[in-house]
Amino acid sequence: MPVSCGLCEKRAMLKRPKTGGALCKECFYNVFEAEVHQTITSASLFKRGETVAIAASGGKDSTVLAHLMKLLNERHDYGLTLFLLSVDEGITGYRDDSLETVKRNQQQYELPLKVVSYKELYGWTMDEIVRQIGLKNNCTFCGVFRRQALDRGAMMLGVDKIVTGHNADDVAETVIMNVLRGDIARLQRCTAIVTGTEGAIPRCKPFKYTYEKEIVMYAYFKKLDYFSTECIYSPNAYRGHARTYLKDLESIRSTSIIDIIHSGECMSVSVKKDVKMPTQGTCARCGYISSNELCKACVLLEGLNKGLPKLGIGKPHKARLALGLTNTTGTTSTSGSQRKEGCQSCSCRRHPYAVVNDTSGCKKDDGHSKDDPTATDSSIKQEELGSNFSTVGAVGDSAAACGCNSEVQKGPCASTVGVKALCGKDDRNTPCACKRGEAQTNKKALGNSRAVPDLDF
Amino acid sequence: MLSKSKVTVSMANSVNICLEFSGGAELLFDMVKKHDVSLPGNSQPWTIKSLLVWIKENLLKERPELFVQGDTVRPGILVLINDVDWELMGELEYQLEENDRIVFISTLHGG
Amino acid sequence: MECGGQLDDMETLPQRPPAAKKKNCVRCGKDAVLVVQTSAAFCRECFLNYFTHKFRSGLGKSRVVQPGEKVLLAFSGGPSSAALLHLVKRGMEEGTQKKRLRIEPGVVFIDEGSIIQGFDVDQRQRSVQTISKIAGESGFPVHHVMLEDITTVQATEADLPVSNCAGTSPATTEDVERQVKSLSTDDTSADRLKRLFEEAKSLTAKEDLLQILRSKLLVRVARTHGYTKVMVGDSGTRLSVRIMADIAQGRGAALPLNTGFADDRHGDVVIVRPMRDFIAKEISMYNTICQVESAFLPTLTTRVAEKASIGHLTEAFISGLQVNFPSTVSTVFRTGAKLCVSDTENRPEGYKRCAMCKAPLDTGQQGLLQSSVYKTSLAADDESDGGVVTGQDLCPSLCHGCSLTVADFGDFSTLSDSDQLFT
């Protein structure tokens, strides 16, 4: 019982989930490409002359995205310079294989490729991290690190925009996840087609309205070369539930994905005014955008380097306690910008991106930080961020006092590449006790040039 | 579940078809993507529905729930019959014909 | 997506603690009988106090219900609305004069039997009797209406078949019988409603429509009899399912109205949800301790497969998660509670409400809702590809969610014929 294409006389090859209509291969290509083009133009994602990094993992979405960006850029003369940007998490048997796919894509699409690795940025590969912490929370590390890694890679390339392969199913899934997690701030952001427009490198999702099924079909019919193995470290059961729910919903009502995105868009404008939202500040240590004093990556890295890998997992205030940061919370909520910076012996924050020294010196200060056991509400902490940031200089000044203990440092100064990209100096060999001036310069560069958004939509 | 592949027996109304698993679905089949199989003669014509039962009993190496749920494929696995979306072919009720190529693509892995 | 592990999945989600040992009441130290949603353990007395206090303070804090106000209690027979009835009754009798709940309550029961398949007249009669009996025991006036009454024209509203029984004399069996019989045999309004529901292509649409009709009817009964508030028994568990199901059905904009404490979209009659602070488990415990009687009535989704409708699937999804992640219901619920109807006051002149559900219209806003624009504009692109008729073409004044439901009703005229839908 052949069904004929809704647009021409040929035989239909697939049923579109979005509309229920049947299309032949050629018409499907046309409609698929036209829709992505329409998304790009109607949301004004790019300007002529911009350089754009395509986040490429070798998987289906990013492979189709690279193919389409190249195609549409030529067909509609967007006037964009395109790069492929990959993150090497250091997962043997998974990422090394998928990177091969990306390298083949590079050849096929004749696009320059940049690979940034966790090892060079953080001093740790995911394999090493998993050896430390086991399989339970490794995805938290990977997710947090990847977000920053993409941004840093993009900065090294000097691009104007990053495009990611997040498709409609991903956006819908994230809406569901954020509701289940009660994360109202992310819920508000996650349906935006462009995130991080203020001073950061904006990220765009040209596939926001593109169904996963159509991406897979497109890749299959076009015989695109993609890598399709699940990450060996990702047994993320909870997200799996959400995903299964989504697929089940889709089988009940095929428009569910778009309906959920619609709901998400509506909800993003209807958050009550009196709901406390985390204000985006910047990490006191590395300058990356953060809603806490230290960004998640720095806390996680600190934990790894100190042999306390669980540090960043769990309640934020516990990590603060362990880092000797807590008393800032206790005092700042009342004294505002006049507060003293926390433990003076803990001056490790002066080094951008890298977490290098043992802060055990500040453990003795835990006593005075016990006054905020209730301050777990991240919103409370947000209020102090402004003042917090203003004291960064002071922290740097006290750096000399730090009994910086470099033996706990794992690998070289973790983010030398990032630093190089930012300040232009090659301090790959600089020991962890970076020169103060440099550190401050970097800090300034970070503070001014970007406030990298939280893109984990 | 780990029964050895059925010996190919030529019977009246047995059907030779080609099965392909990709997008990660091959993981459940010992990483073998392409399977040329001969479905034994049957009193009823072979359908996708009965094929799934056959696959579950004869080909699936591990965790059948990741491939079949109830009497159909797990949500998120695309089925193509001779490169045509199975939704256009009657889904589970489609009757298999000689030399049909059935492709199962998982959409659930990576991106 | 790159991979599943974006962030924080596990850390923000407390998992079920290992099987609990014997616990003591957190207030008095006696043996506890129940662990409530805050994971505190209570003995019977302390639990009752906690429960009752929470109900009263929830009502008090909201300041929605004024002293002396006429309040209609919607009673379905289920545990939650039974507990609501009991709580109100106790609240009016116990405590000092000053502390007492001062409202003028009435009870309403909607008989939805006409649209339940395989639910025959006899069964219907029996269930109506059971419900009337339980409702009557409250001593409050009881109004009994049938879902099909929604299809009767507004003009005859005063003649709604309402049995208005004063407290001590609940409806007699004969009364009920007469009503059920007269309405389920050769009655056109029941037939019309039945036809309407048979028209629906999906159970999801049926459930959605039922929900809308139910609210409309409650508001109508309230108006007719001079009630200004309607209290419904939705529990936190139920509402968190509703939140998720609303999202799945594109009703994100109306979610604050559908699940908030007070729903004022109908203007003069406000729907209140005072049971929203309780999870189903707490309500069952209250009913057990206080020996509150409830009755089970079949619904549209009784004994259907798990994946038969979005609502049903969502319920299975949430309750499944709740088993291993006990904070699921409360987290979802709190997320919903942080939303409000997007700034109603600042809306432009022509701001409209959905013709069907009366929620503020969520379609066609500039820049915001690309999804809906996208959906329709592309349907134009491949028109002949059998694009979904969104219902918006037929009725431009429907919200996204209602347009989906209307689209599932196939022949739209059946809906518009039942004139009360759009008023």
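The values are calculated or read from the model by the stated rules, or taken from the named source; none is laboratory data. Note that this is a predicted model, so its numbers are computed, not measured. FYI the Cβ positions are ideal-geometry reconstructions off the backbone, even for glycines, and counts take in every protein chain you see. Just the protein is used for accessible areas: all its heavy atoms, side chains included, with ligands, DNA and RNA removed. Shrake-Rupley method; radii C 1.70, N 1.55, O 1.52, S 1.80 Å.
Summary of computed values
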quantity: Selection count where residues are open to solvent by 10 Å² or more (accessible area, probe 1.4 Å) and of a type in the set (A, V, I, L, M), scope the range C:53-84; calculated: 4
quantity: Test result for C:Arg276, surrounded by fewer than 19 Cβ atoms within 10 Å (Cβ to Cβ), among the basic types (Lys, Arg), away from chain A (no Cβ under 12 Å) and part of a loop (DSSP other than H, G, I, E, B); calculated: no
quantity: Enumeration of residues in the range B:67-78 that are buried (at least 21 other Cβ atoms within 10 Å of the Cβ) and either more than 7 Å from every other protein chain (Cβ to nearest Cβ) or over 22 Å from A:Leu23 (Cβ atoms) (or both); calculated: B:Phe67, B:Val73, B:Ile77
quantity: Qualifying positions in the range B:38-66 - open to solvent by less than 70 Å² (accessible area, probe 1.4 Å), in contact with a strand residue (DSSP E or B) (Cβ under 6 Å, 6 or more places away or on another chain) and more than 14 Å from every other protein chain (Cβ to nearest Cβ); calculated: B:Ser38, B:Leu39, B:Trp46, B:Leu52
quantity: Residue under evaluation A:Ser251, criteria (1) hydroxyl-bearing (Ser, Thr, Tyr); (2) more than 13 Å from chain C (Cβ to nearest Cβ); (3) without any contact (Cβ under 8 Å) to a residue 12 or more places away in the chain, criterion not met; calculated: (2)
quantity: In the range A:186-204, the residues that are open to solvent by 10 Å² or more (accessible area, probe 1.4 Å) and over 13 Å from A:Gly264 (Cβ atoms); calculated: A:Val194, A:Thr195, A:Gly196, A:Thr197, A:Glu198, A:Gly199, A:Ala200, A:Ile201, A:Pro202, A:Arg203
quantity: Failed criterion for A:Thr92 (all others in (1) more than 13 Å from chain C (Cβ to nearest Cβ); (2) part of a helix (DSSP H, G or I) hold); calculated: (2)
quantity: So C:Arg273, is it farther than 15 Å from C:Met244 by Cα and assigned by TED's automatic domain parsing to the domain that holds C:Gln125; calculated: yes
quantity: Test: A:Asp77 is open to solvent by 10 Å² or more (accessible area, probe 1.4 Å), modelled with pLDDT of 95 or more and either more than 30 Å from B:Val84 (Cα to Cα) or within 14 Å of chain C (Cβ to nearest Cβ) (or both); calculated: yes
quantity: Those residues of the range C:301-313 which are more than 8 Å from chain A (Cβ to nearest Cβ) and crowded, with 21+ Cβ neighbours inside 10 Å, in sequence order; calculated: C:Gly311, C:His312
quantity: Hits in the range B:79-103 - residues which are within 11 Å of another protein chain (Cβ to nearest Cβ) and of a type outside the set (A, V, I, L, M); calculated: B:Asn82, B:Asp83, B:Asp85, B:Trp86, B:Glu87, B:Gly90, B:Glu91, B:Glu93, B:Tyr94, B:Gln95
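So that you can scan it fast, the table gives a plain yes or no per residue for (1) open to solvent by 10 Å² or more (accessible area, probe 1.4 Å); (2) assigned by TED's automatic domain parsing to the domain that holds A:Val64; (3) more than 22 Å from A:Ser228 (Cβ to Cβ); (4) touching a Pro at 6+ places or on another chain (Cβ under 6 Å):
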| residue | (1), (2), (3), (4) |
| --- | --- |
| A:Arg104 | yes, yes, no, no |
| A:Val115 | yes, yes, no, no |
| A:Gly134 | yes, yes, yes, no |
| A:Cys139 | yes, yes, no, no |
| A:Ile162 | no, yes, yes, no |
| A:His166 | yes, yes, no, no |
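Each row is one residue, and each column tells you yes or no for (1) aromatic (Phe, Trp, Tyr); (2) more than 34 Å from the chain's Cα centre (by Cα); (3) assigned to a loop (DSSP other than H, G, I, E, B); (4) within 13 Å of chain C (Cβ to nearest Cβ).
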position: A:Leu7; (1), (2), (3), (4): no, yes, yes, yes
position: A:Pro17; (1), (2), (3), (4): no, no, yes, yes
position: A:Glu33; (1), (2), (3), (4): no, no, no, yes
position: A:Ser44; (1), (2), (3), (4): no, no, yes, yes
position: A:Ala53; (1), (2), (3), (4): no, no, no, no
